[in-house]
Amino acid sequence: MVLTPNPYRPGAGTTPAYLAGREQVLHDAQAVLENIRVGFPARSVIYYGLRGVGKTVLLNRIGEMAEDMDVPVEYMEIAEREHSFQEAIVLHIYKLMSKLSPMDKLEGYVKKAMGILKAFSVKYTDKAAGIEIAFDPVHGIADTGNLPNDMTELFLALGRLAQKREQGVALFIDEIQYIDDADFEALIEALHRVNQKGYPLVVFAAGLPKIVRLAGEIKSYAERLFQFTAIGSLSEADARLALEKPAAKMQVTFESDAVARVLVVTEGYPYFIQEYGKWIWENRAHADTITVAIVERAYRDFESAMDEAFFKVRHDRATPRELEFMTAMVRSGELPCNMKDVAQQMGESAQKVGPLRAQLIHKGFIYAPQRGTVAFTVPQFDRYLKRVYHIG
């Protein structure tokens, strides 16, 4: 028996066999890359949306586009529990400088840039990010102890080097919502100055919805500094393509009613489509046409996989008190729900549960779509909690 490969690819940041519905986003990113590729400045971009919409996939795809265009890139992910942004940024800027600096005629600019980098890394890290640089630090430039000033000098050093090389650079930052306020402020100020100087340096970042509000609160001009692009679930037409195209490559088709059933269950979320598609494929028993019966047969496997691989891992990171808050959200009824209703479900005042709300937003479980309301950052997490806690 010849086994055919499964064309569906659920996974964190795994690029699907067919990337549907993101053509305009990729087109806009290409325009940014075209600008910096020839040494022109461009506006940095932050993609924001719920879990499972494919933000990391987009970053990876845009990074590949940049590499195809010979634009030097570096990729970093901010960890929730580790405050290592300064150390990581030093490492990645060092690597970008190294990619830009092979030309002898740039020796002076390289030495200055590396000196600023060395001073910054000595000042702000314990292990200096594992970097050993032969140049002496440039005293008095990046050793003020003022993080925004020093971060700005670091970015300006990279930007100057890129401009002299007539070659733009791109830094990719995933999970940017976990960045500390002080680090985010320093990053924003640094990019603002880079833009003012017209240097070909851009940041492509991705994060949860709260990043838009956070950026605006830290610096009012952030909305002009970044292009904030919402990434949501797919339209019905694009979701259909995301489901059907991978199977079509294997000469397998879907009945219209089968597609409709999948779209109802997944609500157009790209990760959900890939996961359901995987289990439909496993349950098709070599059929050349996917029927509603096959889709229904695969549902239990799909739900079980989602519970274990997508929902439970997040559920288990929550404290009992945080889980009490989130189940109160579910019991409040339709989402987004009002904080007053959540507090009422918990039998406490809104003021008393306020710190829990802030805690859950910081950890990326929930966000505030509007003032006084909350919703989950994970699509259908309310359904999972209903199953686990038998909430009617």
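The values are calculated or read from the model by the stated rules, or taken from the named source; none is laboratory data. Just so it is clear, the model here is predicted, and its values are computed rather than measured. With ideal geometry, Cβ positions are generated from the backbone for all residues, glycine too; neighbour counts draw on all protein chains shown. Remember, those area values only see protein heavy atoms, side chains included, never the ligands or the DNA or RNA. Shrake-Rupley method; radii C 1.70, N 1.55, O 1.52, S 1.80 Å.
Couplings 3J(HN,Hα) of the range 60-77, computed from phi: 5, 5, 5, x, 5, 4, 4, 5, 5, 9, 6, 8, x, 10, 9, 10, 9, 10 Hz, in residue order, whole Hz [Karplus 6.51 cos²θ - 1.76 cosθ + 1.60, θ = phi - 60°; x for Gly and Pro].
Taking label points 7 Å from Cα along the Cα-to-Cβ direction, GLN370 and LYS197 give a separation of 4.4 nm. Along the range 268-277 the Karplus relation, 6.51 cos²θ - 1.76 cosθ + 1.60 evaluated at θ = phi - 60°, assigns HN-Hα couplings of x, 6, x, 4, 4, 4, 5, 5, 5, x Hz to successive residues, with x for each Gly and Pro. With the cut-off at 1.5 for a/c, could you classify the range 335-392 from its C-alpha gyration tensor as rounded, prolate or oblate? Oblate, since a/c reaches 1.5 and b/c is not below a/b. Each Cα pair under 8 Å and six or more residues apart adds its sequence gap; the mean of these over the residue count of the range 269-392 is a relative contact order of 18 percent.
Here each label is just a point 7 Å from Cα along the line to Cβ, and for ALA31 and ARG43 those points are 0.9 nm apart. For the chain, adding -39500 (n - 2.57) for each run of n ≥ 4 DSSP H residues and dividing by the number of residues yields -17000 deg cm²/dmol at 222 nm. Annotation: amide H of LEU234 within the under-5 Å range of TYR269, sequence separation 5 or more or interchain, hydrogens built in the peptide plane. Semi-axes of the equivalent ellipsoid for the chain, computed as √(5λ) from the eigenvalues of its C-alpha gyration tensor and ordered from largest down, come to 41, 28, 17 Å. Taking every C-alpha pair closer than 8 Å and separated by at least 6 residues, the mean separation divided by the residue count of the chain gives a relative contact order of 20 percent. Sorted on the mean count of surrounding Cβ atoms within 10 Å across their residues, most packed first, peptides 258-267, 332-341 read 258-267, 332-341. Extension gain, ASN6 to GLN351, is 119.2 nm, computed as 0.36 nm per intervening residue step minus the present C-alpha separation. The phi-based Karplus calculation (6.51 cos²θ - 1.76 cosθ + 1.60; θ = phi - 60°) puts the 3J(HN,Hα) values of the range 303-315 at 4, 4, 5, 5, 4, 7, 8, 10, 8, 4, 4, 7, 4 Hz, whole numbers, x for Gly and Pro. Protein heavy-atom accessible surface, 1.4 Å probe, per residue over the range 1-94: 48 Å². Relative to the Cα centre, the charge distribution of the chain, modelled as +1 at Lys and Arg Cβ and -1 at Asp and Glu Cβ, gives a dipole magnitude of about 360 debye.
Over the C-alpha atoms of the range 277-376, the Rg to Rh ratio, Rh being the Kirkwood estimate, stands at 1.18.
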